[in-house]
Every structure is written in structure tokens, then in C-alpha cells.
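*Asks:* This is the structure I want to talk about, given as C-alpha cells.
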Amino acid sequence: MKRKQVSQDILYVVIPCYNEEEVLEETTRQLKEKMKDLITTKKISDKSRVMYVNDGSKDKTWNIIEKIHRKEKLFTGISLSRNRGHQNALLAGLMTAKNYADVVISMDADLQDDINAMDEMLDKYYQGNDIVYGVRSSRKKDTWFKRTTAEGFYKFMNKMGVDVVYNHADYRLTSKRVLDYLENYKEVNLFLRGIFPLIGFSSDIVYYERNERFAGESKYPLKKMLSFAWDGITSFSIRPIKLVLNLGIFIFAISILILIYCLIVKLFGYTVDGWTFIMCSIWIVAGLEMLSLGIIGEYVGKIYSETKARPRYIISRNLNEE
Ligand code: UDP
Ligand code: MG
């Protein structure tokens with residue numbers, strides 16, 4: 001399905017912000033230029049907006065968003081009642097923006113994702129794609145540590161059976177239609193990168209160079225990245241439980257060999273030795289058992305939070321409605 005570009009669809013750019021007072025002014029300056037450019041070249045309608053999502057920031061982020069909105073109608077914002085984390089903030093933004101927009105692009109507040117890729121994303125959208133994934137062509141500007149851990153993350157996810165687009169974070173274009181379907185994915189343990197490939201429709205990829213964060217600090221320290229990865233895996237794949245099962249089978253097979261060994265040793269009457277062997281067995285087997293229980297417990301925990309189905313975000317302010 002080709003879309004006629006004369007239609008000039010309304011674009012909303014959704015940006016989750018958590019303690020981003022240092023970057024917001026500069027981000028706004030760059031985006032204003034870009035949006036004006038897209039509007040004058042008639043790629044998007046002049047009703048298009050940039051929507052900041054204040055994720056319960058503890059600094060002046062929301063004041064700055066309000067100030068920007070008063071000065072410039074091109075910018076709008078919503079505020080969450082408290083900090084809910086990047087994925088929930090992004091979801092809140094997407095679900096709000098789809099009420100006003102035909103097409104939505106999500107990106108981070110620090111503009112690490114090159115905003116000039118938006119043109120190509122829109123081209124691909126008008127060619128008939130419902131999802132356009134922004135993919136990092138290189139991570140030269142990331143630190144060695146961030147690059148290795150992040151790329152390891154995508155490889156590990158794929159090994160665990162989760163279908164994610166390699167080196168794609170949350171810089172993506174989605175049509176309103178896709179967002180309407182996204183609303184049906186009610187999961188509380190949210191991992192958006194895994195959900196979009198599941199929704200389907202025709203999609204394409206745009207490559208861009210990832211920049212450095214120009215100010216402020218990363219809100220994703222290693223601890224958060226690890227828990228994000230673990231959440232992603234356990235929300236989309238039960239392969240870890242299968243690994244536990246395989247481990248159990250393997251250890252059971254060994255235990256039969258050990259049983260035979262023990263009987264033979266008993267028969268020949270050498271039963272005094274073997275303290276080291278027993279101690280090692282106890283610790284290894286108990287450790288593996290606890291590990292396995294822990295993995296299964298993770299899934300029980302997921303069921304626990306999913307059955308409660310608590311709201312994923314609460315919007316306290318929406319500048320579009322004020
Ligand atoms: N963010 C958020 N809520 C949080 C943590 C982060 O909305 O609890 C936002 C943050 O403001 C930024 C985006 O998520 O726009 C990505 O965060 P960051 O740039 O720190 O992550 P990195 O690029 O280092 O992975
Ligand atoms: Mg960043």
C-alpha cells in the first residue's frame with residue numbers, strides 16, 4: 001500500500017525524558033530546525049508536534065518542557081505521575097501521541113540517534129512501510145565497554161530466541177495503525193523492542209551513526225542494562241527454563257554413573273575415603289538446584305505481576321489538552 005505524499009501526515013516525535021534539564025534546550029533547538037524543515041518541504045503536516053514525556057524527573061525537566069511549550073506550539077508534553085522507567089514512559093508517549101498523529105517517531109532526549117535519519121524514515125513510511133527501524137551502523141563513538149556490552153546483548157537475545165532487530169534501540173517510526181495494535185499488548189513487563197517485530201506489517205530499516213551524549217549522564221548504568229536484558233529475555237522466551245530442564249537431565253545421567261561407581265567401591269570395601277567427593281557434590285548440586293529454582297521463580301514472579309495487571313503509567317498532565 002503506497003501512501004500519497006500529498007496527504008502530509010501529522011507526525012509526532014515522542015521523547016521520554018528523565019532528569020534531562022541539561023539537554024532539553026539544545027535538543028529543542030535542533031528539533032525545531034528539523035521539524036520546520038520537514039514542514040516547509042511538505043513532508044509532514046504543520047499540525048505535527050514534538051511530544052516530551054516527563055518520566056517523573058526530580059530536576060527542572062517539566063518546568064523546561066512547559067516553558068518551551070508556551071513559547072513554541074510545535075512542542076508539547078505529557079507528565080507521568082512518577083518515574084516509571086524508559087519503556088513505560090515511551091509507551092505513555094506513544095499511546096497519547098497516536099490520538100493526534102498519523103505517524104509517530106520515538107527517540108531519546110540526548111539526540112544520540114541522528115535526527116537527520118527522520119527524512120529517510122518518512123520516505124520509507126510514504127513508500128508503504130508501517131514500521132521503520134533505526135539501526136546503528138557503527139558504535140565508534142560509544143565507549144568500548146558500552147559497545148561490547150550492548151552488542152553482546154543483541155546477540156544473547158537472539159540466542160535466547162527473542163526476535164530483536166540487531167543494533168536497533170528505540171529510535172523507530174510507527175504508523176498509527178501499528179500503535180492501535182500495540183495497545184492490545186497488555187504486558188506489564190514491557191520490552192517494546194521485542195513487541196514491534198511481533199506486530200508485523202511491512203517494515204524497513206534506516207541506518208545512522210550513533211553520536212555521543214552531548215550533555216548529562218547516561219540513565220542506563222550497567223546494573224539497569226543487565227536487568228533490562230534479563231527482563232527482555234524472560235518476557236519473550238522460556239528458553240532459560242528449557243536450559244534448566246536439560247541441565248537436570250544431564251546431572252541425572254551423571255548421577256547414575258556415580259551410583260554405579262559408589263556400589264563398586266562399596267563392593268570392594270574402600271568406603272572410608274571420599275570426603276572431598278561428597279562435599280563437592282553437595283555444593284555443586286545444591287548450587288545448581290538453587291540456580292534452577294531461581295530461574296523458574298523469575299517466571300513465577302512475572303506471572304505474579306502480569307496477573308495483577310496494574311496500570312503501566314498514569315498521566316498527570318497533558319499540555320495538548322490544557
Ligand atoms: N529515560 C526515562 N526514564 C528513565 C530512564 C531514562 O525516560 O527512568 C529516558 C532518558 O531521559 C533518555 C532515554 O530514556 O531520553 C534513554 O536514556 P539514556 O540516554 O540515558 O540511555 P543510553 O543512551 O545511555 O542507553
Ligand atoms: Mg542516550
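*Asks:* Between Ser227 and Lys186, 0.36 nm times their residue separation minus their Cα-Cα distance comes to what?
*Replies:* Residue separation times 0.36 nm, minus the Cα-Cα distance, leaves 12.7 nm.
*Asks:* Compute the Cα gyration tensor for the range 173-213, then decide on rounded, prolate or oblate, letting a ≥ b ≥ c be the square roots of its eigenvalues: rounded whenever a/c is under 1.5, prolate when a/b is larger than b/c in the other cases, and oblate in all that remain.
*Replies:* oblate
*Asks:* Here's a follow-up. Students often get this wrong: which residues of the range 93-116 have the backbone nitrogen under 15 Å from the point 7 angstrom along Cα-to-C-beta of Lys47?
*Replies:* Counting backbone N atoms under 15 Å from the label point, the list is 97-104.
*Asks:* So, counting K/R as plus one and D/E as minus one, what does the shell of residues with Cβ under 13 Å around Lys141 add up to?
*Replies:* +1
*Asks:* Indicate the gyration tensor shape class of the chain (rounded, prolate or oblate), computed on the Cα atoms with a ≥ b ≥ c the square roots of the eigenvalues: a/c under 1.5 is rounded; otherwise a/b larger than b/c is prolate and the rest oblate.
*Replies:* Verdict is prolate for the chain.
*Asks:* Gap in Å between the Cα centre of the range 162-186 and the Cα centre of the range 95-112?
*Replies:* The distance from the Cα centre of the range 95-112 to that of the range 162-186 comes to 12 Å.
*Asks:* So which helices of the chain fit the span-like rule, where a helix is a whole DSSP H run, its Cα atoms reach 15 Å or more along the axis, and its mean Kyte-Doolittle is at least 0.5?
*Replies:* Span-like helices here: 86-97, 239-267, 275-308.
*Asks:* Please sort 247-253, 107-113, 55-61 by packing, taking for each peptide the average over its residues of neighbouring beta carbons within 10 angstrom, highest first.
*Replies:* Values: 247-253: 11.7, 107-113: 21.9, 55-61: 18.1.
Sorting 247-253, 107-113, 55-61 by mean packing, highest first, produces 107-113, 55-61, 247-253.
*Asks:* Something else about it: Of His168, His86, how do they rank once you tally other Cβ atoms within 10 Å and put the fewest first?
*Replies:* Numbers: His168 18, His86 22.
Least crowded to most crowded, the residues run His168, His86.
*Asks:* How much FRET efficiency would the formula 1/(1 + (r/R0)^6) give for Phe277 and Asn83, where r is the Cβ-Cβ distance and R0 is 51 Å, rounded to 0.05?
*Replies:* 0.50
*Asks:* Cut-off is 10 Å between beta-carbons; in what order do Lys67, Lys186 appear when sorted fewest neighbours first?
*Replies:* Lys186, Lys67
*Asks:* Which of Arg29, Arg49, Arg239 comes first, and how do the rest follow, when ranked by fewest Cβ neighbours within 10 Å?
*Replies:* Going from least to most buried by this count: Arg29, Arg239, Arg49.
Any read-out appearing in this document is the output of simple, stated calculations on the displayed coordinates, not a laboratory observation. Given the structure is predicted, the values throughout are model-derived calculations rather than measurements. Here the Cβ is made from the backbone with ideal geometry for all residues, glycine too, and neighbour counts use every protein chain on show.
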